1. Please name whichever of Leu119, Pro154, Gly82 sits farthest to the positive end of the charge dipole of the chain, dipole taken about the Cα centre and charges placed at Cβ: Lys and Arg +1, Asp and Glu -1.
2. Could you give me the ³J(HN,Hα) list for segment 178-193, computed from phi with Karplus coefficients 6.51, -1.76, 1.60 and θ = phi - 60°, whole Hz, x at Gly and Pro?
3. Exposure proxy check: Thr28, Thr101, Thr107 ranked by fewest other beta carbons within 10 Å?
4. Sequence-distant or interchain residues sharing an amide H contact under 5 Å with Thr56, placed H: which?
5. Please list the non-local residues whose amide H lies under 5 Å from the amide H of Glu80, H modeled 1.01 Å from N, same-chain partners needing a gap of 5 or more.
6. Based on the mean of other beta carbon atoms within 10 Å per residue, what is the order of 72-81, 30-39, 55-64, most packed first?
7. In nm, give the distance between the simple-model label positions of Leu203 and Asp176, each being 7 Å from the Cα along the Cα-to-Cβ direction.
8. Return the percentage of antiparallel bridges among DSSP beta bridges fully within the chain, rounded to the nearest 5 %.
Amino acid sequence: MNPKIVQLILSLRGEGVSDADVLSAIETTPRDLFVTPEFLEQAWEDRPLPIACGQTISQPMVVGRMTEALCLTGREKVLEIGTGSGYQCAILSKLARRVYTIERYRTLLEEAKRRFAALKLRNIVPRLGDGGLGWPEQDNFDRIIMTAAATEPPPALLAQLRDHGLMVAPIGPSGDQRLTVYRRDGDQFHQHVLDKVRFVPLLDGIAKTL
Ligand code: SAH
């Protein structure tokens, strides 16, 4: 196997990502297909990288932490906000029943769709839209993951989480975001904080350019 992949998996384990299925999904998802050509050499390094439209592909360690925090068994209906390159979504698609993903840039969404097709990932439903509003026609998600940061969890997303469902999201003001896990219990949401993180912001509406 590519030594860079072995190195990445070892470093994720060293950082505390221990779920074998999550590690295996990361190992078998070719991150080099999701980065822009200029960054091909760094594709398997444990760092975020720039992608089109001024956005970023998340750091593998953060992808590992967030995916692990979703506690997936293979049966879940998942909603992802912020498709970006499609990397996090591709990993989720190997661990869940179906993944609905929303992106506000058409360019990013079209590129991600091409990657999903090339990798024959058929349980992903992508859509252009404002993820802050969620996916009202689907509703009742077992899991929700936000890969863009908001100061507060968007109420529409909490409302679309099923009872006992989990949502993982970077929450807080810019410069002080925390990876936060929300667990729904009826009308209550219990939360706990995992890590300090840096994500691009969740923005309103569909992007007018690109
Ligand atoms: N999960 C991505 C990370 C992309 S960065 C990956 O693995 O590559 C976050 C993404 O969220 C960006 O592409 C940005 O355009 C998108 N985003 C920001 N606000 C959004 C919104 N309201 N609705 C949908 N996508 C949004």
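Computed from the coordinates by the stated procedures, all read-outs in this text should not be read as laboratory data. Bear in mind the structure is a predicted one, so any value in this text is a computation, not a measurement. No Cβ is skipped: glycine too gets one built from the backbone with ideal geometry, and neighbour counts run over all protein chains shown.
1. Final value for the positive-end residue is Leu119.
2. Calculated HN-Hα couplings, in order: 10, 6, 10, 10, 10, 10, 7, 9, x, 8, 9, 10, 8, 10, 9, 9 Hz.
3. In increasing order of surrounding Cβ atoms, one gets Thr28, Thr107, Thr101.
4. Amide H neighbours of Thr56, under 5 Å, 5+ apart: Ile51.
5. Long-range HN contacts for Glu80: Tyr100, Thr101, Ile102, Ile145.
6. Final packing ranking: 55-64, 72-81, 30-39.
7. It works out to 2.5 nm between the two label points.
8. Here the antiparallel bridges make up roughly 45 percent for the chain.
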